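Here the structure comes first, spelled out in structure tokens, and everything after it is commentary.
The values are calculated or read from the model by the stated rules, or taken from the named source; none is laboratory data. Because the structure is predicted, anything quoted here is derived from the model rather than measured. Every residue, glycine among them, receives a Cβ derived from its backbone with ideal geometry; neighbour counts consider all protein chains shown. Side chains included, ligands, DNA and RNA excluded: accessible areas come from the protein's heavy atoms. Shrake-Rupley method; radii C 1.70, N 1.55, O 1.52, S 1.80 Å.
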Amino acid sequence: MLEIEQEMIKIGIIKEGKVPVDRRVPVTPAQAKEIKDKFPIVDIVVQSSNIRCFSDDDYRNAGIEVVDSLDDCQVILGVKEVPIHELMSDKTYFFFSHTIKKQEYNRELLQAILKKNIQLIDYETLTDAESNRIIAFGRWAGIVGAYNAIWTFGRRYNLFNIRRAHECFDLEDLRTEFEKVKLPPIKIAITGGGRVAKGAMEVLHGMDILKVTPAVFLEQSFHEPVFTQLNSRDYHQKKDGTNFNRHEFFDNPSLYDGDFIKYANEADLLIASAYWDPRAPVLFKREDALKSDFRLRVIADITCDIEGSVPSTKQPTTIDDPIYDYNPSEDLIEKPLTDEANITVMAVDNLPCELPRDASESFGYELIHNVLPHFIRGDKEGIIKKATIAQNGRLTDKYDYLQDYIDE
């Protein structure tokens, strides 16, 4: 790991290179200045970019130097995966690598990181002593994901017209659209209990949609739209018939069967917000979606695990092209809104990018207060160490389970 306590360190904010374009930043101009003020041994520069939600001049006006190259920086801060050809050898990188679940599409990225002797610190793996994440875009994924879910439902049934989230300047502007939403008495299910689910519920509460318990959701009919929040215990059951145990479930989800289908038979709209372990049961199977009592017709998959917990999520969608139809009879993707028998899927995989200014400010706050002190002032609690996937040309011990993944 970089020894930085006794020497100056230069941090560079990279221009995001992944396509589709991501306009978020790891720190805003004001936060970049705050880093320099808070950590005297740190200099911070920003690579010139014409795609960010904050302009080069915004950074210059905050006293941050704008440069073309980050070659002389030891540490590189980004958001999304860095394109392989843009990776610089012998640097320390912070970004979301999307490799810890052995995502096939990023195998070559991790191979290149090892080859180039890069220390990779993945935001997704930065956790405290209780394994709670200390930095994330989750709330913003939930906010935009739930808003997109309602937008999608409105589009499918021609109910109302609201602006897309990315057409709004910020969250305050987005909220002005809530009053335009007029829903019939539908039932909405939200899975998860973390930041994403809480962000999603923030939107539904803002639209004055009534929250009910899972039991009431299953047992009663309503004259107004309602939603329920489902935690893991609500839609999983122990294979041996004993009681659900939360710690056991997260340690060994293969001991459990899925029990979500009873909600799929009651809900009109699913907002999938729960982290999914590949060892855990899926929410439903294709065969379930073919049955006459399967009610779900719109799914907003915020998790966007391709062919993961939601079988209709066959591919991600983009901000410009946010939905498609899933035909369960043929197990195929079709053009959106083409057949009433299809399930309409929203699976945008970079949802926070639709509100980039708010999302960036929130993320930067957590970076400054929860992450950088451990990195700059000594990693006494091992926060950085346990989030380091690669170092010195090798996988670290915690992530050596990825060896077969990169060897393929």
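Quick notes on this one:
- Principal-axis tilt of helix 195-206 within the chain, Cα atoms, nearest 10 degrees: 60 degrees
- Gain in span if fully extended, R175 to A30, counting 0.36 nm per residue against the direct Cα distance: 49.7 nm
- Proximal lysine pairs, the stretch 1-111, alpha carbons under 21 Å, eight or more residues apart or interchain: 17
- Accessible-area composition of the chain, carbon plus sulfur, in percent [1.4 Å probe]: 46 percent
- Loop sites by DSSP among the chymotrypsin sites (Phe, Trp or Tyr not before Pro) of the chain, restricted to those with at most 13 other Cβ atoms within 10 angstrom, leave 223-408 as the longest stretch without any of them.
- The chain: calculated mean residue ellipticity at 222 nm from DSSP helix runs of at least 4, using -39500 (n - 2.57): -6500 deg cm²/dmol
- Neighbour cut-off at most 16 other Cβ (10 Å), DSSP loop, trypsin sites (Lys or Arg not before Pro), the stretch 219-282: K239, R279
- Prolate/oblate/rounded call for the stretch 244-346, Cα gyration tensor, a/c under 1.5 rounded: prolate
- Loop-located trypsin sites (Lys or Arg not before Pro) in the stretch 148-216 whose Cβ has at most 14 other Cβ within 10 Å (DSSP): R163, K182
- Positive contributions from Lys and Arg (+1) and negative ones from Asp and Glu (-1), summed over other residues with Cβ under 11 Å from the Cβ of E16, come out at +3.
- Over the stretch 94-160, relative contact order from alpha-carbon pairs under 8 Å, at least 6 apart, %: 23 percent
- Seen against the Cα atoms of the chain and their longest principal axis, helix 138-156 is set at about 40 degrees.
- Under 27 Å from the Cα of K262 - lysines, other chains or at least 8 residues apart: K182, K187, K198, K211, K238, K239, K285, K291, K314
- DSSP-assigned coil residues among GluC sites (Glu not before Pro) in the stretch 259-334, each with at most 16 further Cβ atoms within 10 Å: E307, E330
- Normalised by 2.2 N^0.38 Å, with N the number of residues, the alpha-carbon radius of gyration of the chain equals 1.02.
- Nearest-ten-degree value, helix 29-38 long axis tilted from longest Cα axis of the chain: 50 degrees
- The slack in the chain from N392 to L337, taken as 0.36 nm per residue of separation less the alpha-carbon distance, amounts to 14.8 nm.
- Cα→Cβ-extended label distance, 7 Å offset, between N161 and V66, nm: 3.7 nm
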